[in-house]
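All remarks here apply to the structure that follows.
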Amino acid sequence: MAALKIKKEKREMHFAKKALATILLIIFYMQMWASNGPGFIEGTQLYVVANSGLTLRVAPDVNSESLGVVDYGSSVEVLNQPDSIEHIQRVNWVEGRWIYVDYDGITGYMFDGYLSDLPLPIYEFEKCQLDLDLIYPLESWVEINLGESQVDTVEAGVLHKITDRYIGGEKMVRSSKNEEYKLELYMNEIRLMDAYHLLQSMIDSKARLQSFKDQSTFIENRDGELYKVKINLDNPIVIRKLKSGDVKISIWADNYVCGL
């Protein structure tokens, strides 16, 4: 009887381990699916972030007939999606899917890697004023678009840090120490290249934009997935995809005059 009882316990343990393994596998694939970026739901307004505009096509294929080029900054509306266009593609480090959209009454397909639901800067103070210093423009964009925040302040010797937590789950941390300044913005439910395109949209000079692109280094992980972008400017920038799924933008500056 004791031997039978032991065998039964081993069998139950075996099935429990298999069940746990199955659950972990499901979670793993769900995380993989989620890491591909947000799926835009029907009715969402998206903005074109391709500087030269984005082509609206008859079919979800780069070689299909063009219905016209939609200008940078224009908005399109996401329509109900066919089941056959889930495949992810990469174009110049930008990952995305073909999605079915409406632009000014014309329906067709666009590559959503160059579409974003992040509001684009519209005010002068959201744009670069001094070379490629993106700290103040990004701070201004956050203040306008993320709404009210809960503010925590820490002062310890030469360290002064302010943390703003927003209702949508975003967080901005600004710290100064010995005249060195750092801004860290944590954003959820966006793709890494959405953050990159947001910073690009704050540059209103072709020469500066080209310099921004030339100084950008794209870094993949061991699985060939883009997880970090470094922009080697006077005030260097790092955009990183965190394990939590959030995207973090970090900008450093020396001797930065700020309101902290």
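The values are calculated or read from the model by the stated rules, or taken from the named source; none is laboratory data. Predicted, not measured: the structure shown is a model, and the values here were computed from it. So basically every Cβ, Gly included, is an ideal-geometry build from the backbone, and we count neighbours across all protein chains shown. The accessibility values were calculated without ligands, DNA or RNA, using every heavy atom of the protein model including side chains. Shrake-Rupley method; radii C 1.70, N 1.55, O 1.52, S 1.80 Å.
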All-but-one check, Leu130 against (1) closer than 30 Å to Asn221 by Cα; (2) free of Cβ contacts under 8 Å to residues at least 24 places away in the same chain, failing number (1)
Flag for Gln150 being in contact with a helix residue (DSSP H, G or I) (Cβ under 9 Å, 6 or more places away or on another chain), among the polar types (S, T, N, Q) and loosely packed, with under 13 Cβ neighbours inside 10 Å: no
Answer with yes or no whether Asn188 is on the phi > 0 side of the Ramachandran plot and either surrounded by 14 or more Cβ atoms within 10 Å (Cβ to Cβ) or out of contact with any helix residue (DSSP H, G or I) (no Cβ under 9 Å at 6 or more places or on another chain) (or both). no
Go through the range 42-59 and report how many residues are within 16 Å of Glu77 (Cα to Cα), out of contact with any Asp or Glu (no Cβ under 8 Å at 6 or more places or on another chain) and open to solvent by 40 Å² or more (accessible area, probe 1.4 Å). 1
Failed condition for Arg90, given (1) more than 27 Å from Ser175 (Cα to Cα); (2) more than 16 Å from the chain's Cα centre (by Cα); (3) open to solvent by 70 Å² or more (accessible area, probe 1.4 Å), with all others met? (2)
I want to confirm something. Restricting to the range 153-181 and keeping residues that are among the basic types (Lys, Arg) and more than 12 Å from Leu138 (Cβ to Cβ), which single residue is surrounded by the most Cβ atoms within 10 Å (Cβ to Cβ)? Lys171
Exactly one condition in (1) surrounded by fewer than 21 Cβ atoms within 10 Å (Cβ to Cβ); (2) within 18 Å of the chain's Cα centre (by Cα) is false for Asp254; which is it? (2)
